Amino acid sequence: MIICISGLSGSGKNSVGVEVAKLLSLRVVDPTFKTIAAKQKMSLMEFHKKAEKEHSIDKQFDAHLIADAKRGNCVVTTWLGPWMIKDADIRVWLYAPSAVRAKRVAGRDGMTPEQALAHITDRDESNHHRYNEVYKINIYDHSGFELVINTEKFVPAQTAQIIAAAARAIGGKTAKPAVKAKKATKKVAKKAKKKMKGKKR
């Protein structure tokens with residue numbers, strides 16, 4: 001089972017992804033530009049600007065992502081996961097109004113709401129432009145997604161429950177426990193029938 005969760009800055013993809021992984025006993029695949037930028041002693045947006053000029057950065061990043069996801073049984077929470085992981089079982093887009101996302105980012109990263117709004121606007125547009133230029137991918141087109149969820153309406157745990165329910169309905173690794181449960185129920189039923197026959201005799 002491979003579930004890919006994406007969304008704009010502050011949409012909740014990482015928080016929701018962790019919850020989904022817990023519910024379905026899957027691992028989380030969540031490499032970020034933020035981590036790479038920190039290693040290179042650059043701010044996130046400085047690294048974004050660098051990536052706009054050096055397309056090899058995105059290509060190397062996504063090659064590693066694809067290789068990791070190929071191991072299977074995971075929840076991928078990167079921006080391009082749903083487009084890059086061709087054999088994903090479920091593709092999810094999370095969205096929320098910009099003001100809601102800015103408030104989340106402000107609380108998480110220690111910014112004012114105004115700073116956070118400017119930050120996510122810049123970051124979202126940088127990604128939109130860059131992904132279109134590098135891969136011809138429009139991150140605002142979700143026509144191939146199984147789920148589109150408004151995270152303003154739900155806390156991460158609730159959103160995760162929705163995604164987990166969809167995963168169980170589709171099947172795969174997460175459906176196996178249900179199959180075992182059915183077999184166990186049948187065994188119990190057979191034993192009960194045998195006991196009833198014994199009593200009648």
Worksheet item: Of all the residues that make up the range 83-115, how many are buried (at least 20 other Cβ atoms within 10 Å of the Cβ) and assigned to a strand (DSSP E or B)?
Response: 5
Discussion item. Give me the residue from the range 116-133 that is free of Cβ contacts under 8 Å to residues at least 60 places away in the same chain and of a type in the set (A, V, I, L, M, F, W, C) and, out of that set, surrounded by the fewest Cβ atoms within 10 Å (Cβ to Cβ).
Written reply: ALA118
Worksheet item: What number of residues within the range 100-150 are touching a Phe, Trp or Tyr at 6+ places or on another chain (Cβ under 9 Å) and among the polar types (S, T, N, Q)?
Response: 3
Worksheet, complete the sentence: Reported set for the range 35-61 where residues are in contact (Cβ under 8 Å) with a residue 12 or more places away in the chain and among the charged types (D, E, K, R) is LYS49, GLU52, ASP58, LYS59
Worksheet entry | Complete set of residues in the range 37-78 that are among the small types (Gly, Ala, Ser) and buried (at least 16 other Cβ atoms within 10 Å of the Cβ) | ALA37, ALA51, ALA69
Item to complete: Could you give me the residue pairs with C-beta distances under 8 Å whose first residue belongs to the range 137-166 and is within 14 Å of LEU24 (Cα to Cα) and touching a residue at least 40 places away in the same chain (Cβ under 8 Å), whose second residue is assigned to a loop (DSSP other than H, G, I, E, B) and among the β-branched types (Val, Ile, Thr) wherever it lies, and which are 6+ apart or on separate chains?
Response: THR159/THR151
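Every read-out reported here was derived from the displayed coordinates using simple, explicitly stated rules and does not represent laboratory data. Because the structure is predicted, anything quoted here is derived from the model rather than measured. As a convention, Cβ positions derive from the backbone with ideal geometry for all residues, glycine included, and neighbour counts pool all protein chains shown.
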